[in-house]
1. Among the residues of the range 76-119, write down those that are of a type in the set (S, T, N, Q) and within 16 Å of GLY137 (Cα to Cα).
2. Do any helices (runs of 4 or more DSSP H) entirely within the range 24-103 hold 3 or more residues that are more than 18 Å from the chain's Cα centre (by Cα), and if so, which?
3. Search the range 117-160 for residues being of a type in the set (D, E, K, R) and under 16 Å from the mean Cα position of the chain (by Cα), and hand back the single one that is surrounded by the most Cβ atoms within 10 Å (Cβ to Cβ).
4. Which residues, counting only those in the range 114-143, are outside any helix (DSSP H, G or I) and touching a Leu at 6+ places or on another chain (Cβ under 6 Å)?
5. With the checklist (1) at pLDDT below 95; (2) in a strand (DSSP E or B) in hand, flag the one item GLY186 doesn't pass.
6. Report yes if VAL197 is open to solvent by 20 Å² or more (accessible area, probe 1.4 Å), modelled with pLDDT under 95 and within 18 Å of VAL215 (Cα to Cα), otherwise no.
7. Cβ-Cβ distance below 8 Å, separation of 6 or more or different chains: which pairs start in the range 11-25 with a residue that is without any contact (Cβ under 8 Å) to a residue 40 or more places away in the chain and end on one that is open to solvent by less than 20 Å² (accessible area, probe 1.4 Å)?
Amino acid sequence: MSRADLLIFDLDGTLIDSKLDLAQAANATRTHMGMPAISNERVYSYVGNGAPVLIRRVLGDEATEAQVQEGLEFFLEFYRDHMLDYTVLYPGVRESLDRLRAVDVRMAVLTNKPVRISRAIVEGLGASAYFIQVYGGNSFDFKKPHPIGVDTLRQECGAARERTVMVGDSSVDIQTARNAQVKSCGVTYGFQPETLVEPPPDLLVDRMEELADWVLSAS
């Protein structure tokens, strides 16, 4: 494999451990809607397709469209106030980003999370300088796994498909890479490692340092 010129990272479960803040916001939403709490693990399994899908899953099939909209508004307001209560970069992420930036690898974030919240989290964690761009689920007409985000970032950077890698913790990210015809890297420490079986990523790592090692060692 050739060395990557552009690395596109998912956010939740890939760069940041945001599990607890998401779970608490989701259960605060259920409380607001007069529903009992659900387990944190169940909330984690619902993450990956954006806030509207998350809240639809959190509230259940019996929730009406109006209830989902009310829940979504409450969730986003609550989460904005609490998005950095417990959220941190995963171990080894900052050091890996430092190593990659030192050799001029361009990096970006492409998440299905709302873009303003995503950028605020990246900035709040002191990581903005690593990325040429942070795009969210409402940056384009389509969310991942649609390839529009990857295609846009490639065009902005002038990066070839074969030298672009999508990095994520779920099948949504791997399918995004497939749809955009770029390489994929799955991380096993995220929210949904069990989904990385089909489709399989081109590279599977247990720690972000392994991705940095691969990029820096490839010719």
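The values are calculated or read from the model by the stated rules, or taken from the named source; none is laboratory data. Note that the structure is predicted; figures quoted are calculated from it, not measured. Cβ: placed from backbone, ideal geometry, glycine included. Neighbour counts: every protein chain shown. Just so you know, the surface numbers come from the protein's heavy atoms only, side chains and all, with ligands and any DNA or RNA stripped out. Shrake-Rupley method; radii C 1.70, N 1.55, O 1.52, S 1.80 Å.
1. Correct list: THR111, ASN112, SER118.
2. In the range 24-103, the matching helices (runs of 4 or more DSSP H) lie at 51-59, 65-82, 93-102.
3. Here the residue is LYS144.
4. LEU125, TYR135
5. Single failed check for GLY186: (1).
6. Judged against the criteria, VAL197 is not a match.
7. Qualifying pairs under 8 Å: ALA23/VAL43.
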